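Heads up, the thing below is written out as structure tokens.
Where a number appears in this text, it was derived from the coordinates with a stated rule and is not lab data. The model shown is predicted, which means the values in this text are computed figures rather than measured ones. Note that we place each Cβ from the backbone using ideal geometry, even for glycine, and neighbour counts take in every protein chain shown.
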Number of protein chains: 2
Amino acid sequence: MQRDLFTFDLEAVDGKARAGIFHTPHGDLETPVFAPVGTQATVKTLTPVQLEELGATLVLSNTYHLYLRPGADLVAEMGGLHRFMQWPHPMLTDSGGFQVFSLAEMRKVDEDGVTFKSHIDGSTHRFTPEKAVEIQEQLGADIIMAFDECSEPHDRAYVERAMHRTHAWAERCLRAHKRTDQALFGIVQGGIFPDLRENSARVISGMGFPGHAIGGLSVGEEKNDMYAMIEVVNAVLPVEKPRYLMGVGTVEDLLNGIARGIDIFDCVLPTRLARHQSAMTRRGRLNLLNVAHARNPHPIDETCRCYTCRTFTRAYLRHLIVAKEMLAGTLISIHNLYTLVELAKDARRAIQQGCFTDFAENILSQME
Amino acid sequence: MQRDLFTFDLEAVDGKARAGIFHTPHGDLETPVFAPVGTQATVKTLTPVQLEELGATLVLSNTYHLYLRPGADLVAEMGGLHRFMQWPHPMLTDSGGFQVFSLAEMRKVDEDGVTFKSHIDGSTHRFTPEKAVEIQEQLGADIIMAFDECSEPHDRAYVERAMHRTHAWAERCLRAHKRTDQALFGIVQGGIFPDLRENSARVISGMGFPGHAIGGLSVGEEKNDMYAMIEVVNAVLPVEKPRYLMGVGTVEDLLNGIARGIDIFDCVLPTRLARHQSAMTRRGRLNLLNVAHARNPHPIDETCRCYTCRTFTRAYLRHLIVAKEMLAGTLISIHNLYTLVELAKDARRAIQQGCFTDFAENILSQME
């Protein structure tokens, strides 16, 4: 593993919040950063040009989905994920662990790996740590993830077993990983149990990964439990490496995560909400199907500078929704992703100026 | 009617093919031109910026659909169709006639107008020539259409009755039309009967419309009948006014229409085919779902300069189709619309250079 490619420069620290630059083979990533999710090698309804225009710098794609369809060998044959989906900037793939445990059917876990049935056609497959790394090497993202077991967060006995398995699998991923142009991140598990989280953070951060992720949160636990776990873990993780909170993406959670030292976020929520007519703003959510918007000549958010808000009225967006026009999903996705991407950028500026606490409190106090 | 706004300058004639400029309040329209269809105030899956980038200069929207949803009064309240859908260039609305006769349920025609039930909710509505003009004045397109009766083209008795009604309605539309910033076009009907078509062209062109349309073609008749009808009608229509062939949009039909003196075309076909995985090229159609494309690293058309062909492989497009990703519809729509928009532009250049016949024959001879 050639670490020099993936230097992380901490530019400013404000309380526990951090502004940094993570260097990758596809460009420098300014943190904090929110990554749109392109599950099947596309951020749903958007072209790469639209993603660039809304300010996205990092895109995540899902190993489990791409392995099943179109196949990692096909993506490799087409020159890797960057070329396949034409996203020339930094990319991240997850390990498939989360999807195997949440989407796939009839999974059987043993110490060596997981056997599961595809949610698409019921065919049987097996992921091991080595296989998850091999697939991610074929996909070729800049940041790839160790294979982990994502357990239900409240069942202590299961959480502890899954955590130990995750640690053993992390070691095997490190040994299996050959490509020097990818940063392999380790994942901390441990449910909502502070002692397990602390243990996991120590074990994982002792393995020498170039970056660390916190997995198994935002899966149904209380917000306060999530924030407490982030604090426990980040007190252990080394400051000089990037920290990625997996699957988290609301205005509130981004601000609370950044305040506790998180650098990278991703979530399907902005695009999923968009396809269900819900617009995210710094003051809360807006159901654009509401008849109150039918004759509203204003944009979703007067202060927002995204293409959608610079161009279209709520009346037009509601018309598209009522008429079942796909453009509604596109335009609201642009807005929702811009909201989180821009929030992370504004947070970065506030950290650099030493006023992150005021910045975050000002937004959180105005949320409905 | 203030005609000066809508001057039509014939720049070049090559055989019967014409290159012109139609001046409108929202800019000069270079002809021949192909207009993408934005039925419900949106060209399906595309933003106005994407439409501009693919070279579209004229967009059509449907009076019947917008009248039912969101309502012409709402569009007017939002500043008209150009502002509502943010298309600042020339626009055209049809009269609602074709949709009333093809989409609406339980229609009853009398000499005064048509009573019909909405295909959306079954509610009862009535269109008269005066109503169709009133709605189109509320929508505010640059080019609007007289209300016509679009009959089945082979039943001579019905075609003749419908034609006479269309003539009477055209007179009433002219009298009802008040806005001076819109060009009202008359529509020639007459099915596949040369004598009726000639009669209709004489009557309609005698009324003083600033432009003329040929309706009731491309509705199931033989290609040769369609081409013959265009020839009969264009032999009568005055050369100094623009001619619009309604609802026609294939590579073959554009070339054959231009060769016979047509200036304006529109059709839903490019976007509808796109949503059914079919790509239009100058050499024929391509079903991108075909497994032959699964590992094809080439674009739809190596010679095409659209965003989709400059950027994505057939393998990627097929993956999006198989994975049921909406981006497939967007990217193929961009390609299909570009194919027809660019074909009309190339035809214009060929006419200006006096080599349209060679240009058209060269393409038609290579079609599969």
Of the listed residues (B:PRO25, B:PRO32), the one being more than 14 Å from chain A (Cβ to nearest Cβ), over 15 Å from the mean Cα position of the chain (by Cα) and closer than 19 Å to B:LYS241 by Cβ is B:PRO25
Of the listed residues (A:ALA228, A:ALA292), the one being over 22 Å from A:LEU340 (Cβ atoms) and without any contact (Cβ under 8 Å) to a residue 12 or more places away in the chain is A:ALA292
The condition from (1) in a loop (DSSP other than H, G, I, E, B); (2) away from chain A (no Cβ under 12 Å); (3) not aromatic (Phe, Trp, Tyr) that B:PRO297 misses is numbered (2)
For region B:179-189, the count of residues that are crowded, with 18+ Cβ neighbours inside 10 Å, among the β-branched types (Val, Ile, Thr) and not in a strand (DSSP E or B) equals 0
B:TYR316 meets each of (1) hydroxyl-bearing (Ser, Thr, Tyr); (2) in contact (Cβ under 8 Å) with a residue 24 or more places away in the chain; (3) within 14 Å of another protein chain (Cβ to nearest Cβ) with one exception, condition (2)
For region A:17-71 the number of residues that are within 30 Å of A:CYS355 (Cβ to Cβ), in a strand (DSSP E or B) and not β-branched (Val, Ile, Thr) is 14
Checklist entry - Is it the case that some residue within region A:140-150 is under 18 Å from the mean Cα position of the chain (by Cα) and assigned to a helix (DSSP H, G or I)? => result no
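Residue-wise test of (1) within 17 Å of B:THR180 (Cα to Cα); (2) of a type outside the set (Ser, Thr, Tyr); (3) within 14 Å of chain A (Cβ to nearest Cβ); (4) surrounded by fewer than 16 Cβ atoms within 10 Å (Cβ to Cβ).
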{"residue": "B:PRO90", "(1), (2), (3), (4)": "yes, yes, no, no"}
{"residue": "B:ASP94", "(1), (2), (3), (4)": "no, yes, no, no"}
{"residue": "B:GLU105", "(1), (2), (3), (4)": "no, yes, no, yes"}
{"residue": "B:LYS108", "(1), (2), (3), (4)": "no, yes, no, yes"}
{"residue": "B:PHE116", "(1), (2), (3), (4)": "no, yes, no, no"}
{"residue": "B:THR124", "(1), (2), (3), (4)": "no, no, no, yes"}
{"residue": "B:THR128", "(1), (2), (3), (4)": "no, no, no, no"}
{"residue": "B:VAL133", "(1), (2), (3), (4)": "yes, yes, no, no"}
{"residue": "B:ASP142", "(1), (2), (3), (4)": "yes, yes, no, no"}
Check: Scanning for something in contact with a strand residue (DSSP E or B) (Cβ under 9 Å, 6 or more places away or on another chain) and assigned to a loop (DSSP other than H, G, I, E, B), does region A:158-178 turn up at least one residue?
Finding: yes
Within region B:48-68, the count of residues that are within 15 Å of the chain's Cα centre (by Cα) and not hydroxyl-bearing (Ser, Thr, Tyr) comes to 5
In region B:214-261, residues that are among the aromatic types (Phe, Trp, Tyr) and surrounded by 21 or more Cβ atoms within 10 Å (Cβ to Cβ) total 1
Report task. Would you check if there is a residue in region B:76-83 being basic (Lys, Arg), surrounded by fewer than 24 Cβ atoms within 10 Å (Cβ to Cβ) and either part of a loop (DSSP other than H, G, I, E, B) or in contact with a Ser or Thr (Cβ under 8 Å, 6 or more places away or on another chain) (or both)? Result -> no
Scanning region A:73-86 for residues that are among the aliphatic types (A, V, I, L, M) and under 26 Å from A:THR31 (Cα atoms), the one nearest to the other protein chains (Cβ to nearest Cβ) turns out to be A:MET85
Taking region B:319-368 and keeping residues in contact (Cβ under 8 Å) with a residue 12 or more places away in the chain, within 14 Å of chain A (Cβ to nearest Cβ), surrounded by fewer than 23 Cβ atoms within 10 Å (Cβ to Cβ) and not hydrophobic (A, V, I, L, M, F, W, C) leaves B:GLY329
The correct count of residues that are away from chain A (no Cβ under 12 Å), of a type in the set (Val, Ile, Thr) and out of contact with any Phe, Trp or Tyr (no Cβ under 7 Å at 6 or more places or on another chain) in region B:40-72 is 2
